[in-house]
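Okay, so here's the structure we're looking at.
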Amino acid sequence: LSTGGTLTIGYGFTRAVIPSLSWNTEITENESKVLLKEKLKSYENILKSNITVPLRQPEFDALLNIVYNAGNIGDTSAGLPTPLKEYINKGQYREAAEIIPEYRTTQNGVPNPSLVRRRIKEKELYLS
């Protein structure tokens with residue numbers, strides 16, 4: 001289970017990735033690695049289709065982590081507008097970094113401490 005109570009397996013895969021996922025589902029470490037590689041390609045494509053400016057490798061890696069966790073780099077967070085994608089695409093990298101710790105850190109409208117900690121680490125990676 002994730003900290004939010006979502007059933008997960010392997011590297012945090014949910015039913016969105018494994019539709020047949022149940023409490024009885026088993027996956028080997030190798031199967032999990034293969035699936036991760038497959039999914040990372042699609043997440044990279046999502047990131048590349050949303051971000052139109054050059055990124056340094058740490059920026060790319062941090063944003064890929066966010067896409068992996070949140071599903072995309074969008075224009076909203078918790079249903080509210082967020083300028084994260086806009087700032088990045090305008091080359092306002094430092095301003096974008098300041099938004100990362102608060103980007104999609106709630107679950108069902110409630111702040112999730114694990115997501116907050118995750119985003120702080122992603123900001124650190126983004127700025128490294």
Checklist entry - Does region 71-114 hold any residues that are basic (Lys, Arg), closer than 16 Å to Phe60 by Cα and touching a Leu at 6+ places or on another chain (Cβ under 9 Å), and which are they? => result Arg94
Next on the checklist: Suppose we keep only residues that are without any contact (Cβ under 8 Å) to a residue 24 or more places away in the chain and part of a loop (DSSP other than H, G, I, E, B) within region 76-85. Which one would you say is most open to solvent (accessible area, probe 1.4 Å)?
Outcome noted: Gly79
Checklist outcome for this item: Asn72: passes all of (1) in contact (Cβ under 8 Å) with a residue 12 or more places away in the chain; (2) over 17 Å from Tyr87 (Cα atoms) but (2)
Checklist entry - If only one of Leu115, Leu63 is touching an Asp or Glu at 6+ places or on another chain (Cβ under 9 Å), under 22 Å from Phe13 (Cβ atoms) and in a helix (DSSP H, G or I), which one is it? => result Leu63
Checklist entry - Looking only at region 28-58, which residues are open to solvent by 50 Å² or more (accessible area, probe 1.4 Å) and more than 17 Å from the chain's Cα centre (by Cα)? => result Thr28, Glu29, Asn30, Glu31, Lys33, Val34, Thr52, Pro54, Arg56
Checklist outcome for this item: If you go through Ile88, Ile73, Ile99, the only one that is outside any helix (DSSP H, G or I), among the hydrophobic types (A, V, I, L, M, F, W, C) and open to solvent by less than 60 Å² (accessible area, probe 1.4 Å) is Ile73
Next on the checklist: For a quick check of your reading of the model, give me the residue pairs whose first member lies in region 109-128 and is among the polar types (S, T, N, Q), whose second is assigned to a helix (DSSP H, G or I), with beta-carbon atoms closer than 8 Å and at least 6 apart or on different chains.
Outcome noted: Ser128/Pro58
Checklist entry - Does Leu40 satisfy being among the hydrophobic types (A, V, I, L, M, F, W, C), at pLDDT below 95 and out of contact with any helix residue (DSSP H, G or I) (no Cβ under 6 Å at 6 or more places or on another chain)? => result yes
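The values are calculated or read from the model by the stated rules, or taken from the named source; none is laboratory data. Since the structure is predicted, the reported quantities are computational estimates derived from the model, not experimental observations. All Cβ positions, glycine included, derive from the backbone under ideal geometry; neighbour counts span all protein chains shown. The protein model used for the area step is the full one, side chains on, heavy atoms only, and it has no ligands, DNA or RNA in it. Shrake-Rupley method; radii C 1.70, N 1.55, O 1.52, S 1.80 Å.
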